[in-house]
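The values are calculated or read from the model by the stated rules, or taken from the named source; none is laboratory data. Not measured: the values here are computed from a predicted model. Cβ atoms come from the backbone with ideal geometry, glycine included; neighbour counts cover every protein chain shown. For the accessible areas, the whole protein counts, side chains as well, though only heavy atoms, and no ligand, DNA or RNA atoms are used. Shrake-Rupley method; radii C 1.70, N 1.55, O 1.52, S 1.80 Å.
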Amino acid sequence: MSGSGWFGGTARLVFSAKRSDNDALFQSVWAILRVIAGVVMVHNGFDKLADIQSFADAYVSALGLPYPVFFAYCAALAETLGAPLLAFGVLTRPAALALMSTMLVAIYHHVLVAGFSIPYLERSLLYAACFAFFAVCGGGEYSVDGMIADVLRGGNATPREQQG
């Protein structure tokens with residue numbers, strides 16, 4: 001059986017492990033995840049900036065880090081600047097790395113305060129995993145980074161299209 005027709009196409013979409021079988025769908029979901037992760041994260045930075053001393057006292061000092069206000073500003077700026085960069089797919093990897101770093105510190109804080117309690121950890125873990133994905137994989141083809149990569153490659157063709 002060649003896998004053609006409606007059933008073959010549907011089976012390939014459902015069961016295929018090869019991204020090339022549904023690349024547009026994959027890239028679309030990649031972009032949706034990137035935008036949602038960036039949009040829902042940005043408010044955290046603004047919340048920290050609204051009362052930086054309180055955040056520094058409650059979270060950064062509790063970790064025993066020196067210069068708690070400085071590190072509170074680092075976290076707030078990573079979230080305030082990094083989240084929109086991630087959402088648009090501009091400098092995606094560095095933005096995601098900064099955001100992932102803030103989430104790793106948040107995970108550490110939650111473990112110190114509440115132990116390995118899933119209700120305290122789940123949101124930070126999900127964010128960290130999401131940001132780790134973007135730190136490793138970049139913004140995808142449907143991002144500003146992707147458009148810049150297309151221009152640098154000399155056109156709108158993906159590397160796969162240029163090879164074939």
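Annotations
- Solvent-accessible area of D57 with every protein chain in place, 1.4 Å probe, in Å² to the nearest 10: 90
- Within-14-Å neighbourhood charge of L99 [Cβ basis; K, R +1; D, E -1]: +3
- Accessible surface of F46 - all protein chains present, 1.4 Å probe, nearest 10 Å²: 110
- Label point of A149 set 7 angstrom out along Cα-Cβ; within region 60-98, amide nitrogens under 19 Å from it belong to 85-98.
- Under 13 Å, Cβ to Cβ, from A72 - net charge with Lys/Arg +1 and Asp/Glu -1: -3
- Inter-site label distance for S61 and F46 at 7 Å from Cα along Cβ, in nm: 2.7
- F71 accessible area, assembled protein chains, probe 1.4 Å, Å²: 80
- Per-residue 3J(HN,Hα) values for region 64-72, derived from phi via the Karplus relation 6.51 cos²θ - 1.76 cosθ + 1.60 with θ = phi - 60°, read x, 6, x, 6, x, 5, 4, 5, 5 Hz in sequence order (x marks Gly and Pro).
- Other residues within the sphere of radius under 12 Å centred on the Cβ of Y59, judged by their own Cβ, net out at -2 (K and R +1, D and E -1).
- Gyration tensor verdict on region 30-128 (Cα atoms; rounded if a/c is under 1.5, prolate if a/b is larger than b/c, oblate otherwise): oblate
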